[in-house]
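Q: Below is a structure I'd like to ask you about.
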Amino acid sequence: MTAILAGSLAICESALAINLTIGNPNPEDFLSGNDYGQSFRNDPAGSGATILLNDWTFGFNTTNDANNALGNTLSIYSGIGKNGTAIASASAPNTALVTFGGVDSVKWTFVGGVSLIDNLDYTVVIEGSSSALLVSFSDDYANGDLTSGASSTGVIDAVFEGNFSATTPVPFEFEASGGLAMLGGAWLLRKRFQKKTDKSQT
């Protein structure tokens, strides 16, 4: 009986894994300043999903600019800009030089992922000096904008990529033949146990 129940629980706890990437791969110019970031709307999997931000990449104008950014801390804030609460951060050794959109870039990895609430605004911020951060002025990413400190810049977007994963529960569906077989087996086991108990008492 225990083995049958364990099998049923394993089926009920099954889940659907989802991976999603957002970003803007279109560099048009670069900006230099302090505490630049990118806001985004977090709804990769729909309401009720458990969502993790796994890594974030920003593009830079030159290899030297990207190398300089390897030492910067990347923070996640709730809301737009640095107005909200700091949720998590990533820094060396969890940074790496990569190529994104054909340009020199830096990827920050959040070990184990950062759990985010579905359908809310967040901002990823490079703490300190953001030398020659690549941007576009065409509002290529519709659900957020480049931020500077606590303010949004409007329709400017950083050149960036964010990778998410989500797990949504799969509803347990009763499969007639298998379900009946399991229930039938449980019923037979119970009847046999009752017969043995009755015989021992007589």
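Q: Condition test on Gly79, is it on the phi > 0 side of the Ramachandran plot and either surrounded by 14 or more Cβ atoms within 10 Å (Cβ to Cβ) or modelled with pLDDT of 95 or more (or both)?
A: Answer is yes for this residue.
Q: Could you give me the residue pairs with C-beta distances under 9 Å whose first residue belongs to segment 100-118 and is within 12 Å of Leu52 (Cβ to Cβ), whose second residue is assigned to a loop (DSSP other than H, G, I, E, B) and hydroxyl-bearing (Ser, Thr, Tyr) wherever it lies, and which are 6+ apart or on separate chains?
A: Once the first residue is within 12 Å of Leu52 (Cβ to Cβ) and sits in segment 100-118, its partners that are assigned to a loop (DSSP other than H, G, I, E, B) and hydroxyl-bearing (Ser, Thr, Tyr) give Asp118/Ser47.
Q: Might you let me know whether segment 41-55 holds any residue that is out of contact with any helix residue (DSSP H, G or I) (no Cβ under 7 Å at 6 or more places or on another chain) and at pLDDT 95 or above?
A: Yes, segment 41-55 has at least one match.
Q: Scan segment 53-64 and give yes if some residue there is without any contact (Cβ under 8 Å) to a residue 12 or more places away in the chain and assigned to a strand (DSSP E or B), otherwise no.
A: no
Q: Limited to segment 24-40, what total is found for residues that are of a type in the set (Gly, Ala, Ser), at pLDDT below 95 and open to solvent by less than 60 Å² (accessible area, probe 1.4 Å)?
A: The number of residues fulfilling the criteria is 1.
Q: Tell me which residues, restricted to segment 92-145, are more than 23 Å from Gly79 (Cα to Cα) and small (Gly, Ala, Ser).
A: Scanning segment 92-145 gives Ala92, Ala96, Gly101, Gly102, Ser105, Ser131, Ala132.
The values are calculated or read from the model by the stated rules, or taken from the named source; none is laboratory data. Since the structure is predicted, the reported quantities are computational estimates derived from the model, not experimental observations. Virtual Cβ from ideal backbone geometry, glycine too; neighbours counted across all protein chains shown. SASA here: full protein model, heavy atoms, side chains in, ligands and nucleic acids out. Shrake-Rupley method; radii C 1.70, N 1.55, O 1.52, S 1.80 Å.
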